[in-house]
Amino acid sequence: MSDIEHQNKPRPPADDQTGEPVEGLSTTLVYNRQGPPRPETLTILPMQETVLFPELVMPVILDRQASIDGAQRAMRSEQPVGLLLGTSDGDASDQPARMQDQLNKVGTVANILRYVTGNDGRHHLVCQGVSRFEVKELFEDDHGGLKARVRWIDEPEPEGDKQVDARMNNLRSRALEAIELMDQPSRELANAIQSIESASLLADATAGYLGLKPKEKQRILETIDLEPRLELVQSFLDYRLEVMRLSKDISQQTQERLGEHQRKAMLREQMRSIQRELGEDDSVAEEAERLREALDKARLPEDAAEQTSRELKRLERMSDSSAEYSMVRTYLELMAELPWDKASDDAIDIAEARRILDEDHFGLDKIKRRILEHLAVHKLNPNGKAPILCFVGPPGVGKTSLGRSIARAMNRKFVRAALGGVHDESEIRGHRRTYVGAMPGSIISQLKRAGTRNPVFMLDEMDKLGASAHGDPASALLEVLDPSQNDTFNDHYLGTSFDLSKVMFIATANVLDTIPGPLRDRMEVIEVPGYTREEKKQIAKRYLVDRQLEQAGVTRAQCDISDEALDTLIAGYTREAGLRNLEREIGAIVRHAAVQVAEGKSGPGTIGPDDLPAIIGARRLDDEVALRTSIAGVSTGLAWTPAGGDILFVEASRSPGAGRLTITGQLGDVMKESAQAALSLVKARAESLGINQERLDKSDIHIHVPAGAIKKDGPSAGVALYTALVSLLTDRKVRADVAMTGEISLRGQVLPIGGVKEKTLAAHQAGIKTVLLPERNRRDQDDIPNNVSEALDVRYITNVEDAIAIALEPETQAA
């Protein structure tokens, strides 16, 4: 047998699957024009990534035991083997029954030239391709291996075909160009390609040695005719060539940029040397170099980098005694310190977030559920535009601390900007640098302090923003809180845009009325209601007492507050939706104990309810039930305030006159109109109520709502006003344990109101037993805490007749 062999590279060939060199093996390009007899049955070795072409020599690694056994049997019997590439539908299996659909139908007959077991225990073959073959039937042999009945495919070798010769010359030139573009061009491979005269071998050698993908090699292997095969190899090679050219251009451009950077650095060093020789101060150059390095590390976006580059060139031309020098330097330092590319890694664990929220806050189940929903969505879609949350509720209910808990649950930094009293747009957007003392706005300043571009940012007391001749800060916040715009937030001081889209903004407010509509529309409002007495007691036991003891340096053994004392503190000394006054009273008790401990005493020990008057004074609040009077014309209403729910008394009196109505108690226009509507309704129904019409026309009615120093407004007192008037004019007293709320119409209907939870909480704390609510507020029943709904008899009314039937004492008991 006559062979013409060309050594490809002097080093060992690389494994086609792993890319690792196989010691002791060499890659050989063999042009073999004759071969041994052609058996019709071959041992099949499935391949995952290797495609061997006829007349080429390549290393092959065997991983499957069945393939190893089959190769050894073929080696002993000096028989060729068949190499078949697996399809993309699955990995080639060791089980022949599963091979039918996992292997291609066209492969390469190969002789095993060498069998090597490496130091790592892996089995290496050196195989020489002989011919293409087509599988006619796959079957399992007696040893459990894979065999196939095959048809050998002869290589066409046309002579004198001008088309084939032209394609050969074109392919050869492209292959030589590809070799030159390699990272380490191989002269031996180029010589081998240059010397090949067979069109079939040229196509196969080009496909085998120039880095085509296995699927592309398989397509070439399955293409028998020369012209289509040459065209297919050239199309694959053209794409490879284009990629290699682009890679080389990119590499050259990178080298040029690095060279330019090194040249500038060398020139700056030479300039500093010249300045030192001349005795000139080089502090400006050193400062500029320091800022340049800091700005390079900050990885600014393109527009910001251009802005700072211009300012840095200005700084280099300035004297350090110039007034503008310090302004430019301060600006560049800020730009270098901003977190343009620094972000905290979100580590959202829903179970851990739930634990943190429960650990930091008692109750607030609906709020926690909504926060967990928000965190879950952010975990599943980190790049989504999250809504801006706005916590609305009375003071002291934990709105700010909820933001801190969210930051802890997300593993992010927490920053806060207090907006109360802010009335200048520049507080949000910053000042232009043309002004002396210009500064960035609070948004950019807090982001600099956070050190990351994705902190949890709390905008506190948003309802207390002001406006002045210097602009409206609420309007400036429109861009900050709009997810579709805040990726290009423009602070006047920076002079360029900053991306706020990764910041999680959380706003807080006591009321929504003072927040402008467009700003409120950009936020998802989550109401944070007040706490029940039991919730306050549990929070005091779990958090407040321990916090005050720690601040005072007192232990539980020296001062402890009993449950009964906490109940008395909540009911008799504080009445609020939040917890701040309760914590102040607990602090006063702990400080009283601290004085005794500081004097060397053991401390008061456990504080009971009887000890409270001597420590913090007499009880300040009494049960509102005790304030009821036994005269007709007084009803109890329920009101909502920014500090939570409250009860109010409606008093009505009658005196001789001309039918005039007087309203006092600093009532707003809406509440005055409700009083007018209540009186008109009473007059319209005087006969059915048993009221003397003539007596009513000759009487002046005076309605008064106590606590005259406090402004009151809203339509929800309509039922209480109507009930007080009917009680007055029928001499039937209102039950002392009944409170009511609801708007009324001139047709006598009771219309729905808001603040159901806060109002029922206030009724429960005041000792009320029965609460009248509009029927259409039955949907809000789930908002009422369980212990409150169990303690109260909540009645739903449709019209004023229902209210009179429940609230007024029977006529037989009327005085």
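The values are calculated or read from the model by the stated rules, or taken from the named source; none is laboratory data. What you are looking at is a predicted structure, and each value in this text was computed from that prediction instead of being measured. With ideal geometry, Cβ positions are generated from the backbone for all residues, glycine too; neighbour counts draw on all protein chains shown. The protein model used for the area step is the full one, side chains on, heavy atoms only, and it has no ligands, DNA or RNA in it. Shrake-Rupley method; radii C 1.70, N 1.55, O 1.52, S 1.80 Å.
Dividing the alpha-carbon radius of gyration of the stretch 686-734 by 2.2 N^0.38 Å (N being the number of residues), what value is obtained?
Details: Rg = 12.9 Å, N = 49, 2.2 N^0.38 = 9.7 Å.
Computed over Cα atoms of the stretch 686-734, the ratio equals 1.34.
Please list, in chain and number order, the residues 5+ apart from Cys127 or on another chain whose amide H is under 5 Å from its amide H, with Hs placed from the backbone.
Met58, Val60, Leu113
Please compute the length gained on full extension between Glu260 and Asp783, using 0.36 nm multiplied by the number of residues separating them and subtracting their Cα-Cα distance.
Values: separation 523, 0.36 × 523 = 188.28 nm, distance 6.86 nm.
Contour length minus Cα-Cα distance gives 181.4 nm.
Per residue of the stretch 741-747, in order, report the coupling 6.51 cos²θ - 1.76 cosθ + 1.60 (Karplus, θ = phi - 60°) as ³J(HN,Hα) in whole Hz, putting x for Gly and Pro.
In residue order, the calculated couplings are 8, x, 8, 10, 10, 5, 8 Hz.
Please tell me the relative contact order of the stretch 378-487 in percent, rounded to the nearest whole number, where contacts are Cα pairs under 8 Å and at least six residues apart.
Numbers: 141 pairs, mean separation 34.6, N = 110.
Averaging sequence separation for qualifying contacts and normalising by length gives 31 percent for the stretch 378-487.
Using modelled backbone amide H atoms (1.01 Å from N, in-plane), which distant-in-sequence or interchain residues come within less than 5 Å of Ile561's amide H?
Ile607
Could you give each residue of the stretch 338-346 its phi-based ³J(HN,Hα) in whole Hz, using Karplus coefficients 6.51, -1.76, 1.60 with θ = phi - 60°, and x for Gly or Pro?
Calculated HN-Hα couplings, in order: 5, x, 5, 10, 9, 9, 6, 7, 5 Hz.
Can you give the accessible area per residue of the stretch 476-559, in Å², using a 1.4 Å probe? Write down the numbers at each step before the final one.
Details: 3410 Å² over 84 residues.
Computed with neighbouring chains in place, this is 41 Å² per residue.
Give the distance, in whole Å, between the Cα centre of the stretch 508-577 and the Cα centre of the stretch 413-481.
Result: 28 Å between the Cα centres.
Straight-line reach from Lys217: which lysines have Cα under 28 Å away, leaving out those fewer than 8 places along the same chain?
Lys9, Lys105, Lys136, Lys147, Lys162, Lys248
Which order do the peptides 442-454, 715-727, 589-601 take when ranked by the mean count of other beta-carbon atoms within 10 Å per residue, highest first?
Details: 442-454: 19.4, 715-727: 27.4, 589-601: 15.8.
Order by mean packing, descending: 715-727, 442-454, 589-601.
Take Gln79 and Asp225, extend 7 Å from each Cα along the Cα→Cβ direction, and tell me the distance between the two endpoints in nm.
Between Gln79 and Asp225, the simple spin-label model gives 3.5 nm.
Based on DSSP H runs of at least 4 residues, each adding -39500 (n - 2.57), what is the mean residue ellipticity at 222 nm of the chain after dividing by all its residues, to the nearest 500 deg cm²/dmol?
Working: 28 runs with 331 residues, N = 815.
Computed mean residue ellipticity for the chain: -12500 deg cm²/dmol.
Lys and Arg at +1, Asp and Glu at -1: add these up for the other residues within a Cβ distance under 15 Å of Ala805 and post the number.
Net local charge, Ala805 excluded: -1.
Count charges around Ile112 for me, please; just the other residues with Cβ under 13 Å from its Cβ, Lys/Arg as +1, Asp/Glu as -1.
On the way: positive: Arg73, Arg76, Arg114; negative: Glu78.
Charge balance near Ile112 sits at +2.
How much of the accessible area of the chain, in percent, comes from carbon and sulfur atoms when a 1.4 Å probe is used?
Working: 18660 of 39990 Å².
After summing per-atom areas, the C and S share lands at 47 percent.
What does the charge add up to near Met671, with Lys and Arg as +1, Asp and Glu as -1, over the other residues with Cβ less than 13 Å from its Cβ? Please list the in-between numbers first.
On the way: positive: Lys672, Lys711, Lys712; negative: Asp669, Glu673, Asp713, Glu743.
Result for the neighbourhood of Met671: -1.
Per residue of the stretch 323-331, what does 6.51 cos²θ - 1.76 cosθ + 1.60 with θ = phi - 60° give for ³J(HN,Hα)? Whole Hz please, x for Gly and Pro, Karplus curve as stated.
5, 7, 4, 5, 5, 5, 5, 4, 4
May I ask you to order 346-353, 167-174, 531-538 by the average number of other C-beta atoms within 10 Å around their residues, highest value first? Don't skip to the answer; put the middle values down first.
Details: 346-353: 14.4, 167-174: 16.2, 531-538: 20.0.
Highest-to-lowest ranking by the protection proxy: 531-538, 167-174, 346-353.
Please go through the residue pairs Lys342/Lys368; Lys366/Lys757; Lys672/Lys698; Lys541/Lys759; Lys342/Lys502 and name each one whose alpha carbons sit more than 18 Å apart in this structure.
On the way: Lys342/Lys368 29 Å; Lys366/Lys757 13 Å; Lys672/Lys698 22 Å; Lys541/Lys759 25 Å; Lys342/Lys502 11 Å.
Long pairs (Cα-Cα over 18 Å): Lys342/Lys368; Lys672/Lys698; Lys541/Lys759.
Name the residues whose placed amide hydrogens come within less than 5 Å of the amide hydrogen of Val794, ignoring near sequence neighbours (fewer than 5 apart) on the same chain.
Val771
Beyond 49 Å, what percent of the Cα pairs of the chain remain? Let's see the in-between values first.
Values: 182573 of 331705 pairs.
Result for the distance tail: 55 percent.
If packing is taken as the average number of other Cβ atoms within 10 Å across a peptide's residues, how do 185-197, 609-621 rank, most packed first?
Working: 185-197: 15.5, 609-621: 13.8.
Those peptides, ordered most packed to least, come out 185-197, 609-621.
Treat each spin label as a single point 7 Å out from the Cα along the C-beta direction, and report the Arg695 to Ser251 distance in nm.
The modelled label-to-label distance comes out at 11.0 nm.
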